[in-house]
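The values are calculated or read from the model by the stated rules, or taken from the named source; none is laboratory data. The structure displayed is predicted, hence computed values, not measured ones. When we count neighbours, we look across all protein chains shown, and the Cβ atoms used for this are built from the backbone with ideal geometry, even at glycine.
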Amino acid sequence: MIKKHPFEPFRIKSIEHITITTRQEREEACNRAGNNLFNLTSDEVMIDLLTDSGTGAMSSEQWAALMRGDESYAGARSFRRLKKNVEEIFGFDYFLPTHQGRAAEGILAAITLKDNNIVPSNTHFDTTAANILSRNAVPVNLVIEEGGDPNSNHPFKGNVDLQKLRHLLEEEGDNVPFCMVTATNNAGGGQPVSIENIEGIRKICDEFDKPLFIDSCRFAENSWLVKLREEKYSSWSVKDIAKYMFSLADGATFSAKKDAIVNIGGLLLFNDKKLFEMAKNELIMREGFPTYGGLAGRDLDAMAVGLQEGCDESYLKYRTEQVAWLYEGLVANGVPVVGPPGGHAVYIDAGAMLPHIPASEFPAQALSLEAYIEGGIRGVEVGSVMLAHTRPDTGEIIYPPLELVRFAIPRRTYTESHLKHVVNTMAKVAQNSTKINGVKIVEAPEFLRHFTATFAQV
């Protein structure tokens with residue numbers, strides 16, 4: 001029996017209209033969009049689970065903070081308020097605001113990477129991998145074996161395989177400028193990383209004298225899942241877990257559009273003053289002055305408030321239970337899903353659902369299109385369209401281990417009835433899965449092709 005939908009620890013104060021579309025209208029919209037859901041207009045989407053990045057609902061306190069925003073070009077009060085909360089939660093010596101997470105990744109790549117460098121991680125997400133590849137470097141994924149098994153119930157499937165990391169550094173250490181870990185592991189099913197594993201990564205990095213950076217977009221959700229699943233930390237607060245996690249790293253990238261629950265913003269954080277100064281120069285050229293970093297003062301203030309709200313444990317309990325509720329509903333209706341449920345999204349195993357479609361015909365893209373046509377649900381492909389890439393040193397095409405469709409749940413946005421519609425839609429899709437055909441790419445750019453590529457049915 002599926003458990004009750006969790007109690008929302010908030011009231012809805014403002015609403016946004018949803019356009020109810022027909023199947024025919026959605027088929028026509030797909031054709032206009034070149035079979036790429038990124039090209040749909042928002043009015044053509046009924047339930048938008050494309051991303052949880054910048055799509056959540058801000059609180060009344062955040063809206064009030066927008067009005068307090070100080071738009072001074074340099075030294076704004078908004079920056080000082082943000083600085084106080086960043087220091088409290090992250091604990092790094094230096095930080096720079098950016099307009100979003102990929103800008104932080106781009107600056108980090110610009111100041112650290114050379115041709116044919118190798119950057120290991122559990123699993124690099126799309127923008128991280130693209131920023132590495134665009135510098136003629138190689139992203140390498142070293143997630144544990146269970147991380148590639150959708151049916152494994154390992155509580156920390158986002159963990160790095162420490163043996164593989166050690167082997168890589170023994171063989172290629174001179175070519176590795178830094179190591180990374182993504183918490184939670186977005187491309188691998190939104191799975192958390194344990195503190196024990198990060199301690200192990202830290203130990204290996206120290207042995208080989210390598211800096212460690214955390215892709216910390218969902219640090220609060222990861223910390224909450226650590227509290228639930230790693231017994232040693234069951235009595236710790238989320239903020240204390242997060243602070244300890246960051247103390248094990250030399251720096252971090254952060255998209256505030258996730259766990260700071262804002263529409264725009266990011267951070268780049270360091271302990272190394274030399275790297276910070278190099279990054280600051282890049283920021284000034286690309287983003288803006290170091291105390292605003294491509295953001296308005298009001299955005300800095302909203303982020304400051306959101307950092308605190310994103311760490312609220314009653315909210316995090318609701319957040320993860322809502323994801324678990326959707327997960328259980330899909331499983332009960334025969335939809336293959338990556339388990340256990342993570343912090344921000346449910347990942348449907350398109351490879352298992354569509355075994356007749358090979359990776360070269362992009363089964364996850366085909367499934368995401370069918371979910372939209374059947375029920376107006378916009379998810380995102382996390383498979384060979386997004387994550388397959390060609391190694392610059394060998395020319396080999398590297399395919400991801402899983403073909404997934406991610407349903408990312410915007411924060412504080414959708415109710416039980418919305419998610420029931422998702423469950424019912426995917427149950428129908430599962431019943432007719434053998435009739436779904438693969439797709440081929442008609443046109444695509446070199447990097448981040450999933451955003452703008454066009455497709456046709458095979």
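List every residue pair whose Cβ atoms lie under 7 Å apart, where the two residues are 6 or more positions apart in sequence or sit on different chains, the first residue falls within segment 175-198 and is closer than 20 Å to A109 by Cβ, and the second residue, located anywhere, is surrounded by fewer than 24 Cβ atoms within 10 Å (Cβ to Cβ) and at pLDDT below 95.
Note: pairs meeting the criteria are N175/N116; T182/F125; N186/F125; A187/F125.
From the list E28, E88, pick out the single residue that is exposed (fewer than 15 other Cβ atoms within 10 Å of the Cβ), among the acidic types (D, E) and touching a residue at least 24 places away in the same chain (Cβ under 8 Å).
Selected residue: E88, the only one of E28, E88 that is exposed (fewer than 15 other Cβ atoms within 10 Å of the Cβ), among the acidic types (D, E) and touching a residue at least 24 places away in the same chain (Cβ under 8 Å).
Could you check segment 66-176 for helices (runs of 4 or more DSSP H) lying wholly inside it with 2 or more residues that are more than 30 Å from Y292 (Cα to Cα) and out of contact with any strand residue (DSSP E or B) (no Cβ under 9 Å at 6 or more places or on another chain)?
By residue number, 162-172.
Return a yes/no flag: does segment 314-328 have any residue that is farther than 22 Å from R229 by Cα and surrounded by fewer than 22 Cβ atoms within 10 Å (Cβ to Cβ).
no
Which of the residues spanning segment 383-418 are under 28 Å from E313 (Cβ atoms), of a type outside the set (K, R) and either touching an Asp or Glu at 6+ places or on another chain (Cβ under 9 Å) or not in a strand (DSSP E or B) (or both)?
Listed by number, the residues that qualify are A408, I409, P410, T413, Y414, T415, E416, S417, H418.
Can you pull out every residue in segment 311-340 that is within 20 Å of I261 (Cβ to Cβ) and in a loop (DSSP other than H, G, I, E, B)?
C311, D312
Are any residues in segment 209-245 part of a helix (DSSP H, G or I) and of a type in the set (A, V, I, L, M), and if so, which ones?
Passing the criteria: A220, L225, V226, L228, V238, I241, A242, M245.
When you look at V140, is it surrounded by fewer than 23 Cβ atoms within 10 Å (Cβ to Cβ), closer than 17 Å to K210 by Cβ and of a type in the set (V, I, T), yes or no?
yes
Quick one: which of I15, I20 is assigned to a loop (DSSP other than H, G, I, E, B), among the aliphatic types (A, V, I, L, M) and free of Cβ contacts under 8 Å to residues at least 12 places away in the same chain?
I15
I373: within 21 Å of N122 (Cα to Cα) and touching a Lys or Arg at 6+ places or on another chain (Cβ under 9 Å), yes or no?
In short, no.
Taking I47 and the conditions (1) without any contact (Cβ under 8 Å) to a residue 24 or more places away in the chain; (2) in contact with a strand residue (DSSP E or B) (Cβ under 7 Å, 6 or more places away or on another chain), which numbered condition does it fall short on, given that it satisfies the others?
It fails just one condition, (1).
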